[in-house]
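Report on the following structure.
The values are calculated or read from the model by the stated rules, or taken from the named source; none is laboratory data. Being a predicted model, the structure only gives us computed values, none of them experimental. Cβ placement follows ideal geometry from the backbone for every residue including glycine, while neighbour counts extend to all protein chains displayed.
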Amino acid sequence: MSTPAKKKRFLKWVSLFSVVRGYNILLLALAQYFASIYILAPHIPTRKVLFDPNLFLLVLGSSLAIASGYIINNFYDSEKDLINRPNKTFLDNYISQRTKLSVYFILNFISVVCVSYVSFSLVLFFSGYIFFLWFYSHKLKKYPFIGNLTASILAVIPFFVVFVYYKNFDLVIFIHATFLFLIISIREMVKDLENLKGDFTQKYHTIPVVYGIKFSKFLISFLVGLTLIPILFLLFYDFNIGYMDYYFVLSFLLLLLMLLFLWKSTTRYQYILIHNLLKFILVAGVFSILLIDVDLLLNKLF
C-alpha cells in the first residue's frame, strides 16, 4: 500500500475515533469496571469481577450503544457543529455520512447481540435505549429542559445496567448516581451556552436560546447547590467511601469556583474552559473510586 493510501486510511480511522468519541467510550468502560469492583460488588473477588464474561458483554454492549449514539448525534448536528466546532467537524467529515450511518447500524446490531448472551430482557432494554439515543438526537435535544434531562438520563443508564446486574440496592449507590446525574446535567447546560451560536442559527430551542443566558446561569447555580445534598450524605452518613471524601470536597470547591467564573463569562472560549473543568471533575471521579479502598484491588488480585 502506498504512503498516501496509508495516510488516507489512518485519517479515516482517526475521524471515526473522533466521531464516536473513543476517549469517552474507554473512560465509560473503565468507570463501569471500577464501580463494579469498589461500589457495586465489593464482596466479590476482583479477579472474578474482571473476568466475568457477562459483565464484559454488558460493558461492551453499552459502550457500542453509546458509540452509535455519538454517531447519530454527529449525523444530525453536522450543520450546527460546522458553526460551533469547525475544526472538529472538518476531521469528522473525513468519513462520509453514508459510512457513519453504516457503522451506526453495525454497532447497534453488535451491541444487541452482545447483551443477548446475558438475557433476553436486556435485548428489549438495549433496543429501547438505542431508540431513545436516536430520538434524543433527532428530536428531543432541540427542546429546552426535556433535552437536557434526557441527555443526563441516557448518560447514567450504562451504570444503571451494571447496578441492576449485581442487584445491589444500597442507598449509597443511589446517592453516587444522584451526584453523577447532577454533574452531567450541569455539563449539559454549560454545553448549551457553549453552543449558543449554532443552536440559535439552526433553531434549536435550548434553554439559553428560549429563556436567555442569565436564566441558564441561575439554573446552573441551582444545580450546583443541589450537588451539596449528595455530597453531605456521602461525607457525614455512615458510608464506607474511604479517601474518596477528599474528591467530593474538592469537587464542590471546584464547582463554586466554576460558578464565580461562569457569572463573569461572556464568550464561547470561556464556556469551553468551564466545560473542560466539568470534564475534569467527571474524569477525576472515575479514578477517585480507587480511593474507596486503596488496598482492595491489590489484596484481591494477589
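Side notes on the structure shown:
- Residue under evaluation Y269, criteria (1) more than 27 Å from L193 (Cβ to Cβ); (2) in a helix (DSSP H, G or I), criterion not met: (1)
- Test result for A41, small (G, A, S), assigned by TED's automatic domain parsing to the domain that holds S111 and over 15 Å from the mean Cα position of the chain (by Cα): yes
- Boolean, I186 is closer than 22 Å to V286 by Cβ and buried (at least 19 other Cβ atoms within 10 Å of the Cβ): yes
- Checked across region 173-192, the condition of being closer than 18 Å to I153 by Cβ, out of contact with any helix residue (DSSP H, G or I) (no Cβ under 8 Å at 6 or more places or on another chain) and either not in a loop (DSSP other than H, G, I, E, B) or not small (G, A, S) (or both) holds for at least one residue.
- Looking only at region 256-295, and only at residues there that are of a type in the set (F, W, Y) and within 18 Å of the chain's Cα centre (by Cα), the one that is nearest to I220 (Cα to Cα): F280
- Residue satisfying all of: in region 103-135; under 17 Å from D77 (Cα atoms) and without any contact (Cβ under 8 Å) to a residue 60 or more places away in the chain; surrounded by the fewest Cβ atoms within 10 Å (Cβ to Cβ) among these: F135
- When L253, L234, L278 are screened for being in contact with a Lys or Arg (Cβ under 7 Å, 6 or more places away or on another chain) and under 30 Å from L30 (Cβ atoms), only L278 passes.
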